[in-house]
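Novice: Could you have a look at this structure, given as structure tokens, before my questions?
The values are calculated or read from the model by the stated rules, or taken from the named source; none is laboratory data. Small disclaimer: the values here were computed from a predicted structure and weren't measured. So basically every Cβ, Gly included, is an ideal-geometry build from the backbone, and we count neighbours across all protein chains shown. Just so you know, the surface numbers come from the protein's heavy atoms only, side chains and all, with ligands and any DNA or RNA stripped out. Shrake-Rupley method; radii C 1.70, N 1.55, O 1.52, S 1.80 Å.
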Amino acid sequence: MAGISGVAALGGFSLWAAINQNLRKVTILHTNDTHSRLDPFPPGDPDYPGMGGYARRAAFISQVRRNDPEILLLDAGDIFQGTPYFNMFGGVPELKLMSLMGYDAATMGNHELDNGLQGFSKVLPYAQFPFVSSNYDFSHTILHEKIMRYLVLRRNGIKIGIYGLGINLSGLVSPALFEGTFYLDPVEVARDTETILKNRFNCDLIICLSHLGYQYNHQQISDLKLSGETSFTDIVIGGHTHTILDTPVVVNNARNHPVTIVQTGYGGVRIGMIDVVFDKNTGEKFVDFNTKKIGKNQ
């Protein structure tokens, strides 16, 4: 199957769709690093005045879902920490509201463990969607068998594989809070997991929910580095570095096929939208991407 190709403008995208009758489309909405921002930022905020808020995000998601009930809704981690809501309720309202919005999956950011493994396990039942983490080995902890290694879903007849990668917790989270958790090399795990999703499950589209970070000026693994080391991953939905990618970054993987990298900044002030169109006869894929600002005038 061909890798994802970028579409420069909706005009070209629509023309391609108009002349090809063997098409199926999957729309992916995604967030990252929302950091317990249930309410909008205050009007006087220097960066995001009046922007964000779970209610506005929910309204936008509902609007998109009315036109396409088959959307996929994903989060790339750090749902918790950042406002008194988390300090008071430990993540319960965030997970309840995301469940009402119809999230399909999320990966774990480092702040999901700010109340430790026990704290996360306590609130996890409020999430009516799975957490997917492939390179945190929780087998010797209270989270054993509560976190999925990968997930396979279908949308509009397209089989979609999803896996998650988290950043090394050492130096970010107190060791006592993740005691018993083993950190596995994200590149090796990505290669193993994407191969399972491609060859065992025959996935048409493979998505990595990454909380590794977009890019660093040192040797730490990042979304950019990871993408070049993979073979079957099509899209990396990133988090951790609060990077705003209003247009996606496309890099070639180990097979010289393109990988699309996206991230929507911080605090829930943006939501990403990816349209992936498939030609089921040829296996060719095209992508169109944009970010939507969640503000007063949406």
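Novice: Exceeding 29 Å between C-alpha atoms, which entries from my cross-link table qualify? They are Lys159/Lys292; Lys159/Lys225; Lys198/Lys293.
Specialist: Among Lys159/Lys292; Lys159/Lys225; Lys198/Lys293, the Cα-Cα distance tops 29 Å for Lys198/Lys293.
Novice: Express in whole angstrom the spacing between the alpha-carbon centres of the stretch 78-120 and the stretch 264-287.
Specialist: For the stretch 78-120 versus the stretch 264-287, the Cα centre distance is 25 Å.
Novice: What Kirkwood hydrodynamic radius do you get for the chain when you take the inverse of the mean 1/r over all pairs of distinct Cα atoms, in Å?
Specialist: About 19.3 Å for the chain.
Novice: Could you give the size of the charge dipole of the chain about its Cα centre, using +1 on the Cβ of each K and R and -1 on the Cβ of each D and E, expressed in debye and rounded to the nearest 20?
Specialist: Dipole of the chain, to the nearest 20 debye: 840 debye.
Novice: When DSSP beta bridges are limited to those with both residues in the stretch 156-298, what percentage is antiparallel, rounded to the nearest 5?
Specialist: So the antiparallel bridges in the stretch 156-298 amount to around 50 percent.
Novice: Where does each of Arg155, Arg24 land when they are ordered by accessible area, with a 1.4 Å probe and the largest first?
Specialist: Arg24, Arg155
Novice: Right, something else. Picking from Thr181, Gly157, Phe201, whose Cα lies most toward the positive end of the charge dipole for the stretch 149-202 (charges on Cβ: Lys, Arg +1; Asp, Glu -1)?
Specialist: Sorting the options by dipole projection puts first Gly157.
Novice: Please give the contour-minus-distance gain from Lys96 to Asn252: 0.36 nm per residue of separation, less the Cα-Cα distance, rounded to one decimal in nm.
Specialist: Extra length from Lys96 to Asn252 when fully extended: 52.4 nm.
Novice: Could I ask something else about it? Which order do Glu145, Glu188, Glu94 take when ranked by solvent-accessible area (1.4 Å probe, heavy atoms of all protein chains), largest first?
Specialist: Glu145, Glu188, Glu94
Novice: Relative contact order for the stretch 164-237: what percent, with Cα pairs under 8 Å and sequence separation of 6 or more?
Specialist: Relative CO of the stretch 164-237 lands at 37 percent.
Novice: Rounded to the nearest whole Å³, what is the per residue volume of the convex hull around the Cα atoms of the stretch 75-143?
Specialist: Expressed per residue, the convex hull around the Cα atoms of the stretch 75-143 is 81 Å³.
Novice: Please calculate how many Å² of accessible area the chain carries per residue, with a 1.4 Å probe and no DNA, RNA or ligand atoms counted.
Specialist: 42 Å²
Novice: Another question, then. Could you sort Thr243, Thr193 by accessible area so the largest value comes first, with the probe set to 1.4 Å?
Specialist: Descending order: Thr243, Thr193.
Novice: Follow-up question, since we're still on this one. Could you work out the relative contact order of the chain, using alpha carbon pairs under 8 angstrom and six or more residues apart, expressed as a whole percent?
Specialist: Contact order relative to length: 24 percent.
Novice: Run the 1.4 Å probe and let me know the accessible area of Leu224, rounded to the nearest 10 Å².
Specialist: Its heavy atoms expose roughly 40 Å² to the probe.
Novice: Work out, step by step, the length gained on full extension between Lys25 and Ser174: first 0.36 nm times the residue separation, then minus their alpha carbon distance; give nm to one decimal.
Specialist: 49.3 nm
Novice: Evaluate the charge dipole of the stretch 23-146 about its Cα centre and quote only its size in Debye, nearest 20, assuming +1 on the Cβ of each Lys and Arg and -1 on the Cβ of each Asp and Glu.
Specialist: 480 debye
Novice: Quick one: 3J(HN,Hα) in Hz for the stretch 127-136, Karplus 6.51/-1.76/1.60 with θ = phi - 60°, rounded, Gly and Pro as x.
Specialist: 8, 8, 8, x, 9, 10, 9, 9, 10, 9
Novice: Further, regarding this structure: Roughly how many debye, to the nearest 20, is the charge dipole of the stretch 185-255 about its Cα centre, given +1 on each Lys and Arg Cβ, -1 on each Asp and Glu Cβ, and no other charges?
Specialist: 100 debye
Novice: Report in % the part of the accessible area of the chain that belongs to carbon and sulfur, leaving out ligands and nucleic acids; probe 1.4 Å.
Specialist: That share works out to 51 percent.
Novice: If you restrict to DSSP beta bridges whose two residues both lie in the chain, what percentage is antiparallel, to the nearest 5?
Specialist: Percent antiparallel among DSSP bridges in the chain is about 55.
Novice: Sticking with this structure for a sec: For Ala59 and Asn290, calculate 0.36 nm times their separation in residues minus their Cα-Cα distance, and state this gained length in nm to one decimal.
Specialist: Net length gain for the segment: 81.4 nm.
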